[in-house]
Each structure stands twice: as structure tokens, then as C-alpha cells.
1. Considering only region 117-124, I want to know if a residue exists there that is in a loop (DSSP other than H, G, I, E, B), touching a Phe, Trp or Tyr at 6+ places or on another chain (Cβ under 7 Å) and under 30 Å from Asn184 (Cα atoms).
2. Counting just the residues of region 125-143 that are assigned to a strand (DSSP E or B) and among the hydroxyl-bearing types (Ser, Thr, Tyr), which one comes out farthest from Gly174 (Cα to Cα)?
3. Could you pull out every one of the strands (runs of 3 or more DSSP E) wholly within region 144-231 that has 2 or more residues that are open to solvent by 40 Å² or more (accessible area, probe 1.4 Å), of a type outside the set (Phe, Trp, Tyr) and touching a residue at least 60 places away in the same chain (Cβ under 8 Å)?
Amino acid sequence: MTTTGPMSNIPVYDPALAKSTSASSSSIGTSAADETQNFLKLLIAQIQNQDPMAPMDASTMTAQMSQLNMVTSMSNMNTSMTAMLNQMQSVDFMNQASLIGHSPAVAGNTIAFDGTSPVILGANAANPMSSAVATIKDASGNVINSASLGAVVAGMRNFAWDGTDADGNTVTAGTYSISISGTNTSGGTESLTAYVASPVAAVTKGAKGETLLTLQDGRQINASTIQQWVN
């Protein structure tokens, strides 16, 4: 720390004063306001202690002030963007909550049949298929029923399983699986991605603000991954 000599107005170093000043300023703020105050203090000290024979260039001071304003503006913008993101996520969450009871078709091979309601299914083909067949099996791997989907164009093809076996009898409630295969236009065999629809039972906000949907069949999915709503 320096003091000013009474005769020559020349700064003089005072160890005792420097030690007390250092102890009192050991805590430095890190907020935007604190950083601004720290910068201004440094700038004033720089002006006070500049070489009289080579004073600070005004353009340098202007550049430093511009940089400070830019940092402050970016900090304020970041705060505003964070608040806007949180608001958008809240609005999206409320909109998704209105989807309870509606059914998204989600990629998967497991069917939770309740014993009465038909299950809406889907087949997603990467390439056009001259024919495709959907096969449904029980939990033991026994074939329950199969359905010919005919020719399938590339993309999603929806169909439904009414819960009956090959003899037309309604099967018991439980867990079943579906697989879909077909023949492409070149004569080769391909597997199609199966989709199973289930009503939304609950809407939850994830740890990162994402919207998670819990389906009645027990699956939990991210709302952003849904490609199709069937009702």
C-alpha cells in the first residue's frame, strides 16, 4: 500500500498499511456487479499511478470500458436466456399434461394386453416391402397369431390386434411380443421396426427439465422421441 509524501506528493510504500488493506480486502466478489466495481477500482488506481510523462491513451480506456460492458451484457443475456428456457419448459410441460389418455406409438416389441381393448400397432419399414407379416407370441414364445400386412411402402404402417388367437378366441390378459418381417422388392428378407401404442397415464418433469411420459403399459419415454400419436 502507498501513501503520499507531504513534501513531494510522491507515493511512499507503507508496509503496515499495506498489510491491513490486504487483510480487509481478502474477500473479492465474483458477481457481475462485484466484477464491475473491481474493474473500476483498478482503472482508477491505474489512472492515479500512471506515468505523468506517458499518460494513458484515451482509446485504451475506451476499449477497456467496452470490454467490461460486453461482459456485463453477456452475463445479463445468459440470465435472461436461462429464465426464458425455464419458462418454455414449463409451458411445454403443461401442454404435454393435456395428452394424458392419448396414445403415442412407441418403438418396442412388448404388448401389455388388458384382456379386452384392441392394441394399436405399427410397422416402420426402412425400404418398400412387397409383403410383410406380423407375428404375435405369448410370454413362453408360442405363436398366438399372425397377420399379413401385404405390400408396405417405406415409412409407418398402422394396424391393430384385437387380442384374439389364430382360432379367433380372445386370449387372457398378459404380456405378449410382436415381431415383423418382410420381403423387400429385391427378394431379400428384412425386419421392420415394431411400434406399440399405449395411453399416457402420467406426465413427469425430468431432472434436466425434459418431459417424461409414463404409459399405461409401464413404459416411460421422453416426449421428444415420439414419432406418432394414434389417438
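1. Of region 117-124, the ones in a loop (DSSP other than H, G, I, E, B) are 117-118.
Going one step further and asking which of them are touching a Phe, Trp or Tyr at 6+ places or on another chain (Cβ under 7 Å), we end up with 118.
Narrowing the set further to residues that are under 30 Å from Asn184 (Cα atoms) leaves 118.
Yes: region 117-124 contains one or more residues that are in a loop (DSSP other than H, G, I, E, B), touching a Phe, Trp or Tyr at 6+ places or on another chain (Cβ under 7 Å) and under 30 Å from Asn184 (Cα atoms).
2. Going through the qualifying residues, I end up with Ser130.
3. 155-161, 174-184, 189-197, 200-205
The values are calculated or read from the model by the stated rules, or taken from the named source; none is laboratory data. The structure displayed is predicted, hence computed values, not measured ones. Note: ideal-geometry Cβ built from the backbone for every residue, glycine included; neighbour counts use all protein chains shown. Surface areas here come from the heavy atoms of the whole protein model, side chains and all, with no ligands, DNA or RNA. Shrake-Rupley method; radii C 1.70, N 1.55, O 1.52, S 1.80 Å.
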